[in-house]
Amino acid sequence: MKLASLKNGRDGRLVVVSNDLAWFTDAGTVAPTLQAALDDWDRCAPLLRGLAESLEHGAVPQDRFHEHDAESPLPRAYQWVDGSAYVNHVQLVRQARGAEMPETFWTDPLMYQGASDGFLAPRDPIPLGDAAWGCDLEGEVAVIVGDVPMGASREEALEAIRLVMLCNDVSLRNLIPAELGKGFGFVQSKPASAFSPVAVSPDALGDAWKDGKLHGALLIELDGKDFGKADAGVDMTFDFGTLVAHAAKTRNLCAGTIVGSGTVSNRDADGGPGKPISEGGLGYSCLAELRTVETILHGAAKTPFLAGDDTIRIEMKDAKGHSIFGAIEQTVERV
């Protein structure tokens, strides 16, 4: 099933969306919001699946679904933690700022806790106070979990995954070194993120969901040009079961916790850094990685970070070319 939150107050209005993303039906008789459904999942999930089936058969009232009317599936969440499952990306970005990467990064997930009190809607602008901050997109995959007990195994963590979605984890690259230099983590350098218009249950993803990973090209456009098409199921060092279990090692995770994959990143076919799409590669899911490759190859980065009026689009399509989650499409807006 596919679920969305239409704009309505702080927490949105829960709706069930058709597989082709063309129609929706109100889910208020089951739960008013997605968080309410997650809190009572054992009761709500079968009812929501029933609505989804009825919607596909035209057996319930329906209206046209417009992605511009959608909030992020959870407009705010009790918790948002983001991993770095694609260690190739971590290695390249750390190289760019002259930081060594410990070998443990290949065996123990890196993770930070982000602000979750308010997410951007998938078609909201990205507010930017100063272009000197180095605004960057980060195309990611994220999951929403139910209650996860402290010390859960990878298998238990996988069972707790309720929904899958895409993410733009906005980063202010030029603020990161000073913050990390304090030894305490991200705050100012990680503003509000945005998630895809629709969140999808793992079973509805078919073969695209396998071994705790979402398989498929994460399609990213920058100012209308192809920028990235890395496969989210390739070069993912830590699957979502491992990431969720890592987050739950010392504490319970409550229903509605969002866990991100970190920036999707693929190596080139020769094992080296990825190449731009224009050069036959799979491109990138963030500007920092491209800028790192430019520095390695040419001695300096030439691609600028995002500035006013730059537009990004993040999407994933199925084998028939249909959008699975809808698109994150955002324009940078100076404030």
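Worth pointing out:
- Within the accessible area of the chain (1.4 Å probe), percent carbon and sulfur: 49
- In this structure the amide hydrogen of G262, modeled in the peptide plane, comes within under 5 Å of the amide hydrogens of G83, A85, V141, none closer than 5 places in sequence on its chain.
- In a simple Cβ point-charge model (Lys, Arg +1; Asp, Glu -1; nothing else charged), the range 296-335 has a dipole of about 160 debye relative to its Cα centre.
- All other residues whose Cβ lies under 14 angstrom from that of W209 are scored, Lys and Arg at +1 and Asp and Glu at -1, for a net of -3.
- In this simple spin-label model, placing a label point 7 Å from the Cα along the Cα-to-Cβ direction at both E279 and A178 gives a separation of 3.3 nm.
- Dipole of the chain [Lys/Arg +1, Asp/Glu -1 at C-beta], most positive-end residue of G98, M1, T257: G98
- Relative contact order of the range 178-335, defined on C-alpha pairs under 8 angstrom at six or more residues apart (%): 23
- Estimated inter-spin distance, D268 and K210, nm [label 7 Å along Cα→Cβ]: 2.7
- Descending by average beta-carbon neighbour count within 10 Å, the peptides 79-85, 26-32 line up as 79-85, 26-32, the highest first.
- Cβ-defined net charge surrounding P149, 15 Å radius [Lys, Arg +1; Asp, Glu -1]: -1
- For the chain, the solvent-accessible area with a 1.4 angstrom probe is 43 square angstrom per residue.
- Fully extended contour minus Cα-Cα distance, from K7 to A131, at 0.36 nm per residue: 41.7 nm
- In this simple spin-label approximation, D42 and L297 carry label points 7 Å from Cα along the Cα→Cβ vector, and these lie 5.5 nm apart.
- For P273, neighbours were defined as the other residues whose beta-carbon sits under 14 Å from its Cβ, and their charges (Lys and Arg +1, Asp and Glu -1) total -2.
- Unit charges at the beta carbon, dipole of the range 275-335: most positive-side option, T311, C286, A327: C286
- Relative contact order of the chain, defined on C-alpha pairs under 8 angstrom at six or more residues apart (%): 22
- Modelled FRET efficiency - R0 25 Å, R334 with Q95, Cβ distances, 0.05 increments: 0.25
- Cβ charges +1 (Lys, Arg) and -1 (Asp, Glu), total dipole of the chain, debye: 420
- All Cα-Cα distances of the range 53-136, cut into 10 Å bins from zero to the largest, leave 13, 25, 30, 19, 10, 3 percent in each bin in turn.
- Relative contact order %, the range 101-166, counting alpha carbon pairs below 8 Å whose residues are six or more apart: 27
The values are calculated or read from the model by the stated rules, or taken from the named source; none is laboratory data. Please read all numbers here as calculations on a predicted model, not as lab measurements. When we count neighbours, we look across all protein chains shown, and the Cβ atoms used for this are built from the backbone with ideal geometry, even at glycine. We work out accessible area using only protein heavy atoms, side chains counted, and drop any ligands, DNA or RNA first. Shrake-Rupley method; radii C 1.70, N 1.55, O 1.52, S 1.80 Å.
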